[in-house]
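I have placed the structure first, in the form of structure tokens, so that the comments after it can refer back to it.
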Amino acid sequence: MLHDNIDGIRSKLYIALTIIIHFMKRTLKRTLLVLLFLSISAFSFGQNKLPQLLIRLDDIGMNHSVNMAAKAVAETGMPVSVSIQFACPWYQEAVAVLKNHPNVCVGIHLTLTAEWKYYRWGPVLGPSAVPSLVDSLGYFHSSDRAFEHGNYKIDEVEKELSAQIERALHSGIKITYVDPHMGVALSTPELRALTEKLAKKYHLAISTLSNVTYYGETYKEMWGEPIATKKTAFMDYIEHHLNPERPNLMVIHAATPSPEMDAMQDENSKLMSDAQGNSTVSKHRQTELNMILSTDFTSLNGKKFELTNYAQLLKGKNISILKASKVVWPVGAKQD
């Protein structure tokens, strides 16, 4: 009798264990299937990740027309970075226009040149305080070459750029980064070292005017593209050549149409004049404004790219670590 009871218990245990093992196998299979699904989903998400696009508007504060262009872009709600020339007469309007737009990240367009015929500006400190930075009329030199040949003193550059940064920081608008007008403040090892020093001192990031960048950005601008092909070239780049692994910086020079802009003449480049020598600066800048406001472009946000600005890009990062590096392009990528 006892033997029969033991055999019965064993039989029941065997049946119970068989059932448990069966359910464990089914559960394990389900778990493995779930894990496989999650892995595939994560891989697909990584594969379908949209490139980040940084739009940076340069030369804001230069005059009323460029300020109105910045206002038009800001009012779209798009994340955008805007570089203000705090050495220029219209910077206060730029601050007033942009300060209530949280989608706008503001930088200081460090200025050591004044490139327009008949429309010039000089140092924040005044010409007598930094005489090596100005021409015979007390204005900044009209080109980077003239600046270099003017035998600038690096201590005077530091004084002037510090004054521009101080003016910006006390203007009532949040400042995130600095960048160089016409590339001058980063154009030599000595000037680059100074700009990095000032960025660290004032806890600011650095955006550049070349593909040597600080946060892995690729670099592109539309400034020299002919008016007739500017939008087509812009859209082609946006749709087909953004790097999915790096932030993509696109520098834009925009302005609204006005007699003021029509009269602006760039003393540095023949690309900004027609065959008869008439200025095309205004048309170039209007075209760039129109293309970033067009639905052709704005409708692609969230489909072909994700718009961001420097404040969003640098959130949580230690910007005090400044290490410039040249962008390494992916194999087969178009290098513009």
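Each reported figure results from applying straightforward, stated rules to the coordinates on display, with no laboratory input. Quantities reported herein were computed from a predicted structural model and do not represent experimental measurements.
Through the Karplus equation 6.51 cos²θ - 1.76 cosθ + 1.60, θ set to phi - 60°, convert the phi angles of region 91-96 into ³J(HN,Hα) values in whole Hz; use x for Gly and Pro.
5, 5, 5, 4, 4, 4
Could you pull out every residue, at least 5 positions away or on a different chain, whose amide H is within less than 5 Å of the one on THR218? Hs are placed 1.01 Å off N in the peptide plane, and Pro or chain starts have none.
Those lying under 5 Å, H to H, from THR218 are ASN248, LEU249.
Please state the Cα pair-distance histogram of region 52-326 with 10 angstrom bins from zero: what percent is in each bin?
7, 31, 38, 22, 3, 0
Residue by residue through region 231-248, which ³J(HN,Hα) values in whole Hz follow from phi under the Karplus form 6.51 cos²θ - 1.76 cosθ + 1.60 (θ = phi - 60°), with glycine and proline marked x?
5, 4, 5, 4, 5, 4, 5, 4, 7, 10, 10, 6, 8, x, 9, 9, x, 10
If amide H atoms are built 1.01 Å from N in the plane of the peptide, which residues on other chains or at least 5 residues away come under 5 Å of the amide H of HIS141?
Amide H neighbours of HIS141: ALA114, ASP135.
Could you give me the ³J(HN,Hα) list for region 165-173, computed from phi with Karplus coefficients 6.51, -1.76, 1.60 and θ = phi - 60°, whole Hz, x at Gly and Pro?
Whole-Hz 3J(HN,Hα) from phi for region 165-173: 5, 4, 4, 5, 5, 9, 7, x, 10.
Which of the three applies to region 61-191, rounded, prolate or oblate, going by the alpha-carbon gyration tensor with a ≥ b ≥ c and a/c under 1.5 meaning rounded?
Prolate.
Once amide H atoms are built 1.01 Å from N in the peptide plane, which residues 5 or more positions from ALA205, or in another chain, come under 5 Å H to H?
TYR177, VAL178
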